[in-house]
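The values are calculated or read from the model by the stated rules, or taken from the named source; none is laboratory data. It should be emphasised that the depicted structure is a prediction, and the values quoted were computed from it without experimental measurement. So basically every Cβ, Gly included, is an ideal-geometry build from the backbone, and we count neighbours across all protein chains shown. Areas reflect the complete protein model, heavy atoms only, side chains present, ligands, DNA and RNA absent. Shrake-Rupley method; radii C 1.70, N 1.55, O 1.52, S 1.80 Å.
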Amino acid sequence: METESRVPGLALPAGGEGPGADSCHAAGALGTAQGPLLAAAEVLALDDEEDDLEVFSKDTSLTEVNSFSPSVPISPSSMINQYKFEDGPELRDLFITVDDPESHITAIETFITYRVVTKTTRGEFDSSEYEVRRRYQDFIWLKSKLEEAHPTLIIPPLPEKFIIRGMVERFSDEFIETRRKALHKFLNRIADHPTLTFNEDFKIFLTAQAWELSSHKKQGPGLLSRMGQTVRAVASSVRGAVKNRPEMFTEMNNYLETFSQKINLLDKIAHRIYKEERDYFTEMKEYGPIHTLWSASEEDVGDCLKGLAGCIERCCRATERRMAGLAEHLLPILHEYVLYSEILMGVLKRRDQIQGELDSKVDALANKKPEKDLFSEEIGKLEDKVERANNALKADWDRWKQNMQWDMRSTFMNVAENNLHYYEECLATWESFLASQTVDLHVDEDSEDRP
């Protein structure tokens, strides 16, 4: 990257802020990468004229913006903890906070635990407040139990186990804080879900002490049961595509393939912009002090050089704030939906697996007519199971899509808002410098004209 060709303070990087996060004052966009980011933003452009499921058109646009009212607040502070559309904050009765990470070192392993504080007014809880400590593998257990109990509901994603892009050290403060925020969002996404929030394993996760949770984990399905689930999944994949998949789920699958491509592209570009901006910031930090040192040996232009150094320093601080906002808000929301795309593909596969069991029983009935009564009973149960799975996925799909549109809309609108703030700050800095130099020039000219 040719940073020499860039004027400090006049770069154009993008910053963003996702919902459910504290307000950030970083702003701006990266000059050399502005084009790719704007092109990527257009990849998720909103268009409300398409069909309900055909959110992406052939020209790579994202539809269904009509679900957003003009009265919906878009300022960063208005997005805090707003994960739901149908319920206002006053209707929430479960509040969860993940904080206070602690490192634990044993002879066998080193791991981090997080404090999970729960406050609730629900009657099914024995107390109004709980405080427990959980490690990452406990969150994995919860997610697996939710998927087991609700195979066609969309379970929120967890952060990757070892590496979050851009970070290398697993136990660095930055890595731990990034994971803490992701785990906090994970639990609050579940708490805001109309079905998952009442799951019994979720309640146990929030309330049980470590030894109680360990005991509860041992009550899970045995090895043979898990092997049976794996065998059924493999058998389903061997059978291939289901015969009578409803058109709606075929459209979902097509939508997700396109969505996955586009959100991965956005994620890749955003990380590249952040890396370039970080390199630019590192060089700009050295650029200002050079002018200060130079001013000591140039008496005639010393004040001008010091003024330049001050402008560069102020723009450098603005760039640092912008980078913080980019790393804290835009990058996490994009990567979260990369993970969501993978989760949704898994949900559709589980739905197809359930329908595949029904199709196999129907085929068996056609070949074994003497056992018609036995197969008819099993088919009736499987038909009910498929219907429940379909209805659950339909409802959750609409809810997820609405939340996704909100997150994308608010995130990119914050990028624009932050850019404006950055431009205004840097423009004011340089205009002030130019004005001071113009005044000094006029003073010098007047002194020269005097006899």
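Of note:
- Most to least accessible of SER341, SER360 (protein chains only, probe 1.4 Å): SER360, SER341
- Projected label distance in nm at LEU434 and ASP126, using a 7 Å step from Cα toward the beta-carbon: 7.0 nm
- Each of the peptides 104-113, 257-266 was scored by the mean count of other Cβ atoms within 10 Å over its residues; in descending order, highest first, they stand as 257-266, 104-113.
- Within-11-Å neighbourhood charge of LEU339 [Cβ basis; K, R +1; D, E -1]: -4
- Protection proxy ranking of 203-209, 124-130 - average other beta-carbon atoms within 10 Å, highest first: 203-209, 124-130
- Normalising the Debye intensity of region 91-221 to I(0), with uniform scatterers on Cα atoms only, and taking log10 at q = 0.11 Å⁻¹ returns -0.39.
- Among TRP294, TRP430, the sequence by solvent-accessible area, most first, with a 1.4 Å probe is TRP294, TRP430.
- Residue pairs, from the table LYS143/LYS361; LYS185/LYS285; LYS181/LYS268; LYS203/LYS275; LYS119/LYS217; LYS145/LYS394, whose Cα atoms sit over 32 Å apart: LYS185/LYS285; LYS203/LYS275
- Full extension of the chain between GLU212 and GLU177 gives 9.9 nm of extra length, using 0.36 nm per residue less the Cα-Cα distance.
- Solvent-accessible area, 1.4 Å probe, carbon plus sulfur percent, for region 244-450: 53 percent
- Distance in nm between pseudo-label sites at ALA416 and LYS385 (7 Å out along the Cβ direction from Cα): 4.9 nm
- With a Förster radius of 56 Å applied to the beta-carbon distance between GLU200 and LEU427, the computed FRET efficiency rounds to 0.50.
- Where region 91-221 is the region considered: accessible area per residue in Å², 1.4 Å probe: 50 Å²
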